[in-house]
Amino acid sequence: MQLAEQDLIFGGLNVEQRQAVEHVSGPVLILAGAGSGKTRALTHRIAYLISKGVPPWQILAVTFTNKAAKEMKERVQNLLHITEGTDLPSPAWNQGGGRGVGGEGSAGKLPAMGTFHSICVRILRRDIERIGRDRSFVIYDSDDQEKMLKNVLKEMHVEEAEWKPRAALGAIGRFKSEGLMPREAMMQATTDRMQTIAKVYVRYQAALREANAVDFDDLILETVRLFTECPDVLDRYQETWRYIHVDEYQDTNHAQYVLISLLAQKYRNVCVIGDPDQSIYGFRGADIRNILQFEKEYKDAIRIKLEQNYRSTQPILSAADKVISANPNRPEKKMWTDRKDGAQIIVHEVRDERREAEEVIKAIQTHQKAGMPLREQVILYRTHAQSRLFEEACMRAGIPYRILGGVKFYARKEVKDVLAYLFAILNPYDTVSLLRVINIPSRKIGDTTMSKIQSYASTEHKSLWDSLTEVDRIETLDQGVRERLSNFTMLIERYRMMSKKMVASDLTEKLLEEIKMEKWITEGSEESEGADRWLNVKELITVMHKYDQLDPETSLMSFLEEVALVSEVDKLSEGYKDALTLMTLHLCKGLEFEHVMIVGCEEGLFPHANSMFDKAQLEEERRIMYVGMTRARSHLHLLCAQNRYMWGEGKSNPPSRFLEDIPEEVIERRSDDMLSAFAWASGNAEQKMRGGKLEPFRQQEIDIEFNQDLDFSKDEPDVGSRVEHPTFGQGTISTKRGDVVEIKFDNGQKKTFALSIAPIKII
């Protein structure tokens, strides 16, 4: 190795990173804590192998995202000043000859780097014919899968009440992530319901074969089958990839584990890098045992710990380490940094969820005024439904924001479905809303039926609603369909009458119960996704409670006006380059920000209520908190509420047990109620003296009449109040219904706004 090349490869590496780079023979486990430079260690290790004379085509690096693979390629290229060539040496794949798969004359100047799926698809394009498949197969996306599975369920006479397509796909995906072929799934099915889905799995796989198609899970499963059934093919790939690297090993599922084990069997030069403390994707099939038991499988493995953190300050690391240390059976490591000084972690107990949103916005604006861009700040929450309050708070303050990896609250499908029902009840001639909900939940009213109704409406020059009320006159419809359509119109008409006597929240809850919306939403999705979607609906009902004090007819109208206005105000935030980020904690892994705010740190919310009586799930909740805390570079703000009105219910839960674990010396405590703050701190000490533990999830109903979003203080603007809007200037409130006001501006314009979201100031 040339001296200059050596400086490039080893320059800037700490002792442990250098050890990870140089130890290239045999199995290696690199425990890389958050922000410890694991990508740097991995790419320098690959560059070191090439500089030592290992042909690039003998090196494989598997990542979880295309972004990570691209970054790795660029870093290796920069280190060794090489050109990319081809990623995998595909020109030689279909020609035979040469050594291994690529051959010495391969055009590839870089190692094979890519995701599990991209590596497997290239293997299958060459060799899938060895297991009786056609190499011209197509890859089905989720929409294609769902359409195929719908046909399979229909063909097998499986009722939607038992298995809906999305839920069935989720179950089949879990079989595949466990590496179970259809026959094995049949053998393991112990209940009638699981036996049904195992049979559906058998037929679904047959349908994929008939269509010469595979889904994403099949890419890995079929590669494993290829290697298992064709030892000579496996041997060829083992000879090709003699040095194997796997990034984020804690996120691998069983099928991915088997794939790597097979490839590494011969030469055993396998390097896995990851952090068990950041294993938070159990719901997707990730198996933390893969990394925890690596040293049991490879008893001669070398363990290297990367504990120096290059991201966060020491107070943040000390707090995160203390939180995660409560999890048992984890490899011991302690993160440290040269950034010894840093701001204290703010642990803030607020009165309620409205105050939580206000304090978050205040903190954001304080940092922004000090020169910190919005893009360097993030609000993290445990569930998607929590975003609604922060979205509205951003709108009030005129702060541009983006929802990362998610859809803005009022644009979510389940929210739009419920709103469409309410718009149709308010105005049955709203054709768009009628069309959206006429078959939600399923009433077996399909496209054929709707085309017949449309034909009748065109011929008779009638609206959709009038046509639906006259279905007995549409001769092309059979009696069963007429009855289902009549039941739908009677439902809408009945709730139209009820809307004159019931406020929006009560009306909606009764409607959703009657049409069994919760069952439709939760059973139509994977378990965790369905639960989150239903919580979004319950959060929508929370918004409606703001209008409970109005008369019923005004209540529904005012609520729907607010919803329409949210969309308009939201458009004002579009186009900003510098924007605040909002996201769930699950989505933040791999990212970092100067200022991180984790909200909703209460028992039952975070840790989530579903984890309270499941040891493994509770440990994963703790890892989720650890991941969230270690996203922060300089400032970490944790908030909990004494009372929270959410998902249509009032709760009063104690602060999260995770807050209890943070050392007092790194905390700055704040509270809306000073007495509560002192009681919390002293109660914690007294509890430790008794040797007791924080009680698991307990919820107490609180007597609350309306959502805390409404503030009936003396500062609430009323008719006649002079106000100012940043876009339209100054004006006077001319009318007010609940939260909705009409303002006559001095320039002659009249505009309607929802006070809860509009950036209006009293002057």
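The values are calculated or read from the model by the stated rules, or taken from the named source; none is laboratory data. Being a predicted model, the structure only gives us computed values, none of them experimental. For neighbour counting, all protein chains shown are included, and Cβ atoms are generated from backbone atoms with ideal geometry for every residue, glycine included. Keep in mind that these areas ignore ligands, DNA and RNA; they rest on the heavy atoms of the full protein, side chains included. Shrake-Rupley method; radii C 1.70, N 1.55, O 1.52, S 1.80 Å.
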Label-point separation, Gln730 to Lys751 (7 Å along Cα→Cβ), nm: 1.6 nm
Thr191 and Asp300 label points (each 7 Å along its Cα→Cβ direction) are spaced in nm at 4.7 nm
Full extension from Lys147 to Arg125: what is 0.36 nm times the residue separation minus their Cα-Cα distance, to one decimal in nm? 5.4 nm
Going down the table (Lys109/Lys577; Lys67/Lys305; Lys462/Lys750), which pairs top 29 Å between alpha carbons? Lys109/Lys577; Lys462/Lys750
Cα atoms only, the chain: Rg and Dmax in Å? 29.5, 90
Can you put Thr508, Thr522 in order of accessible area, largest first, using a 1.4 Å probe? Thr522, Thr508
Which value, in debye to the nearest 20, describes the size of the charge dipole of the chain about its Cα centre when Lys and Arg Cβ atoms bear +1, Asp and Glu Cβ atoms bear -1, and nothing else is charged? 1720 debye
Note down the accessible area of Phe216, probe 1.4 Å, to the nearest 10 Å². 100 Å²
How about Lys38: which aspartates and glutamates have a C-alpha closer than 13 Å to its C-alpha, ignoring those fewer than 8 places off in the same chain? Glu16, Glu71, Asp247, Glu248, Asp275, Glu307
Tell me, what is the percent relative contact order of the chain, built from C-alpha pairs under 8 Å that lie six or more residues apart? 15 percent
How much accessible surface area, in Å² rounded to 10, belongs to the heavy atoms of Thr727 with a 1.4 Å probe? 90 Å²
What FRET efficiency, computed as 1/(1 + (r/R0)^6) with R0 = 30 Å and r the Cβ-Cβ distance, is obtained for Ala211 and Glu159, rounded to the nearest 0.05? 0.75
Given the range 135-282, what count of lysine pairs have C-alpha atoms under 16 Å apart, with each pair 8 or more places apart or on different chains? 7
Grab the Cα-Cα distance for Asp478 and Val138, subtract it from 0.36 nm times how many residues apart they are, and report the gain in nm with one decimal. 118.4 nm
Distance between modelled label sites at Asn427 and Lys761, nm, 7 Å Cα→Cβ extension: 3.5 nm
Per-residue accessible area for His367 at 1.4 Å probe radius, Å² rounded to 10? 40 Å²
Free-standing Cys, the chain [no other Cys Cβ under 4.7 Å]: Cys120, Cys230, Cys271, Cys394, Cys588
Would you mind calculating the gained length between Asn487 and Asp341 on full extension (0.36 nm times residue separation, minus the Cα-Cα distance), in nm to one decimal? 45.8 nm
Just the number please: accessible area per residue for the chain, 1.4 Å probe, all protein chains included, in Å². 44 Å²
Probe radius 1.4 Å, ligands and nucleic acids ignored: give me the carbon and sulfur share of the accessible area of the chain as a rounded percent. 49 percent
